[in-house]
Amino acid sequence: MKTVKLLLAVVLSVIGSTAVVAQTNASTKKSAIKTEVLNVAGQCEICKARIEKAAKVEGVTKADWNIQTKKLTLTYDAAKVKKDDILKRIAAAGHDTDKFKATDKAYNSLPGCCKYR
């Protein structure tokens, strides 16, 4: 009888500790996912495609730029990619953000309909 109780106690301990580890791993992964809304300058559908393409790097699960509001909704894994790196890529594509401005060369290479300055 003591053996059965001991065996039952060991089994319950193993199951309990496995659940705690699984919850810890899930919460760690979830906490790295961030969604932010950022200002990005642009004008048209061509800008939308360029901005979203520049933002889509490994670790980004969503990049949706709204033409009317000039806002980019960005969902990304902060453990895989830094927000500043994404914003730098957008600026390199010719579009200003609040933190990084496009170079004159990148901006001047945009089609006429995309110029916003």
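Summary of computed values
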{"quantity": "Extent along principal axes [Cα atoms of the stretch 54-111; Å; largest to smallest]", "calculated": "33, 23, 18"}
{"quantity": "Extension gain from Lys62 to Ala78, taking 0.36 nm per residue of separation minus the Cα-Cα distance", "calculated": "4.5 nm"}
{"quantity": "Unsatisfied cross-links (Cα-Cα over 20 Å) in the set Lys56/Lys105; Lys34/Lys71; Lys83/Lys115", "calculated": "Lys56/Lys105; Lys83/Lys115"}
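Just so you know, all these numbers are worked out from the coordinates, no wet-lab data involved. These numbers were taken from a predicted model, which means no experiment stands behind them.
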